[in-house]
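Data first, discussion second: the structure below is written as structure tokens.
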Amino acid sequence: MEAVLRLFRKELIQVFRDRKLLFSTLVLPVLLMPVFMFGPSLFLSRLLQGAAERVQEVAVAGLPEEALKALEAARLKPVPVPDPEEAVREGRFPAGVVFREGAYRVFGRLASGLGESQVVVEKVKGALQALKEAQVAEALVRAGLPKEILSPFAVEVVDASPPKEKAGGLLGFLLPFFLVVFVLSGGQVVAVDATAGEKEKGTLEALLAAPVPLVQVALGKTLATVAMALLSGVAGLLGLALGGAWSARFGGGVLTERGETLALGGQVSLDGGSFLALFLTAFLLALFMGAVMVALGLYARSFKEAQSYMAPLQLLFLLPLSKCALTVASSCW
Amino acid sequence: MVQAEGLTKRYRKAVAVEGLTFGVGPGEVYALLGPNGAGKTTTLRLLSTLVRPSAGRALVAGFDVVREPLEVRRNLGLVNGGMRVYERLTGREVLEFFAGFYGLKGRAFLGALDWVVDLLEMEETLDKKVGEMSTGMRQKVVIARAILHRPKVLLLDEATAGLDIFARRALLDFVKAYRDLGHAVIYSTHVMGEAEEVADRVGFLHRGRLVYEGSKEEALALGEGSLERAFVRQVRGA
């Protein structure tokens, strides 16, 4: 056992003396995770919120007076132009509306995805829908019918997810995904360097000529791989938690189709049992992966060959997680 | 100290060495000579338990290389030209790391360290990281690692490869000094001049077979004062 610990210590000293490796494995995830995870959603939610609150100009042609008033009521400023479609295409207006032969045609630049144009189009659609409902209700009243006839019943969608799943939101998927990614990438660095890397550098033969059973050599290297994999996983999760806190502080989140905001890291808290389960799962994953990666590394003849074995291995472990993204996240975790 | 009998190593498509029988006693330098690909490295890898023989047997310090590999490794030191040590560790850390495998700790380690530092004149290399050392200094650390536990048998395989003239001279002097301490040394090389300087006995290896074995003086007489000439004559005659 002493030989195993001696090897374990030596491997970690080597890793911790490589500043570049240490930075990319332990520091970078903490710094980048908040930016990658929550930056886009935060940026998007700010953009959409701003677009909804501002008054935007809309190119119009042939609109009746009541439609112009409805647009103004929806914080839009109608600007008459000869050809609204062309005006939108040229980027002079985010949206345009034409009324012709009893139909409203709304124009927007929608091909570029969610942006200000789409928000304004939605505002225009909302304003015209409200106008339509008001006119139908007025006609019903004139005909002596109650306007409630428009809504004979209500439809209400209720989120029946368990409280933990609701609190978890996307994190239920992201947590295992990034845990696997960081555990694999952190462990791989040590596994490859300590095995195929040693072969290539010519240091392994000196070790194998020492009176240490091969199984102890493999065990020492596996333990070092596991330790680094766990540290990398912790660094990744720390980055995720920081991103969650940042997101909660500055109002980030991911909008659903219904306009709700999914909870991310900021609303998740792990109790003792959950934390223990998380750590145990990460440890077992790291242990298994460490053993597999060290075995592959010892089998490989060079650094490059070992790395070529590791890439499919990562895909193999990420494949089940892609299923989680398509199903209920909690069933995978 | 070393006894090989019919030692053979076959791979799927090739025979690396076949039927090697030779012995090396204490206080003796045995030069294993031959061109590249003759089987010198395989022979030393067999003796140091890094590969298993396909046939035959070998004893190192009285221990069988197949049945008692750990005991064999405890009693030998191996240095080859391509061998390196950990670049991010200092010379002292490298030596302490390996010394632990031989049970050298605390005072025992410090005593061994003093001895090896004196023998190899490597005082200035101890606290430098290996990655910052010159080739000669690195090679001294490699050698120090191999002899720190004072092995009864020292195996050197093309150990002067890549060394500058000073480091090479230091290594040849060290081999003679280590022999004089009563240890057995197998010195494998294709540079005949080195063997002429350090060897007591020589073995000519050609295409995996030992084609000649005798004292250095006998071999020199055979080649009219040149081991190289002796080798060529033996190989052509074989």
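The values are calculated or read from the model by the stated rules, or taken from the named source; none is laboratory data. Predicted model only: the values in this text are computed from it and were never measured. Cβ atoms come from the backbone with ideal geometry, glycine included; neighbour counts cover every protein chain shown.
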Legend entry - Checking residue B:101 against (1) away from chain A (no Cβ under 14 Å); (2) over 16 Å from the mean Cα position of the chain (by Cα); (3) among the aromatic types (Phe, Trp, Tyr), the condition it does not meet: (1)
Legend entry - Positions within region A:1-59 being closer than 15 Å to residue A:235 by Cβ, away from every other protein chain (no Cβ under 14 Å) and either aliphatic (A, V, I, L, M) or touching a Lys or Arg at 6+ places or on another chain (Cβ under 9 Å) (or both), in sequence order: A:26, A:27, A:28, A:30, A:31, A:32, A:33, A:35, A:37
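Can you find a residue that is assigned to a helix (DSSP H, G or I), outside the structural domain of residue B:134 (by TED's automatic domain parsing), within 15 Å of the chain's Cα centre (by Cα) and among the aliphatic types (A, V, I, L, M) anywhere in region B:23-41?
No - not one qualifying residue is present in region B:23-41.
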Inset, instruction - Sort out which residues of region A:196-246 are more than 14 Å from chain B (Cβ to nearest Cβ) and either within 14 Å of residue A:6 (Cα to Cα) or of a type outside the set (A, V, I, L, M, F, W, C) (or both), and write them in order of number. - result: A:218, A:219, A:222, A:223, A:225, A:232, A:233, A:236, A:239, A:243, A:244
Inset, instruction - Mind listing whichever residues of region A:55-88 are more than 19 Å from residue A:132 (Cα to Cα) and in a loop (DSSP other than H, G, I, E, B)? - result: A:55, A:81, A:82, A:83
Inset, instruction - Hey, can you tell me all the residues within region B:155-197 that are of a type in the set (Asp, Glu), more than 22 Å from residue B:73 (Cα to Cα) and not in a helix (DSSP H, G or I)? - result: B:164
Inset, instruction - Determine which single condition residue A:7 fails, assuming it passes every other condition in (1) in a helix (DSSP H, G or I); (2) farther than 24 Å from residue B:88 by Cβ. - result: (2)
Legend entry - Residue in region B:90-105 that is farthest from residue B:143 (Cα to Cα), counting only those that are assigned to a helix (DSSP H, G or I) and of a type in the set (A, V, I, L, M, F, W, C): B:101
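Quick one: is residue A:67 surrounded by 14 or more Cβ atoms within 10 Å (Cβ to Cβ) and either more than 33 Å from the chain's Cα centre (by Cα) or among the basic types (Lys, Arg) (or both)?
On the way: surrounded by 14 or more Cβ atoms within 10 Å (Cβ to Cβ): yes; either more than 33 Å from the chain's Cα centre (by Cα) or among the basic types (Lys, Arg) (or both): yes.
In short, yes.
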Inset, instruction - For region B:47-60, enumerate the residues that are within 12 Å of chain A (Cβ to nearest Cβ) and of a type in the set (Gly, Ala, Ser). - result: B:48
Legend entry - Options A:169, A:187: the member that is surrounded by 20 or more Cβ atoms within 10 Å (Cβ to Cβ) and at pLDDT 85 or above: A:187
Inset, instruction - Please indicate, with yes or no, whether at least one residue in region A:128-145 is surrounded by 13 or more Cβ atoms within 10 Å (Cβ to Cβ) and at pLDDT below 85. - result: no
Inset, instruction - For region A:94-110, indicate whether the set of residues that are within 32 Å of the chain's Cα centre (by Cα), surrounded by 12 or more Cβ atoms within 10 Å (Cβ to Cβ) and part of a helix (DSSP H, G or I) is non-empty. - result: no
Legend entry - Tally, over region B:62-95, of residues that are surrounded by fewer than 20 Cβ atoms within 10 Å (Cβ to Cβ), in contact with a Leu (Cβ under 8 Å, 6 or more places away or on another chain) and within 12 Å of another protein chain (Cβ to nearest Cβ): 1
Legend entry - Some residue of region B:14-25 being of a type in the set (Val, Ile, Thr), surrounded by fewer than 20 Cβ atoms within 10 Å (Cβ to Cβ) and within 14 Å of chain A (Cβ to nearest Cβ): no
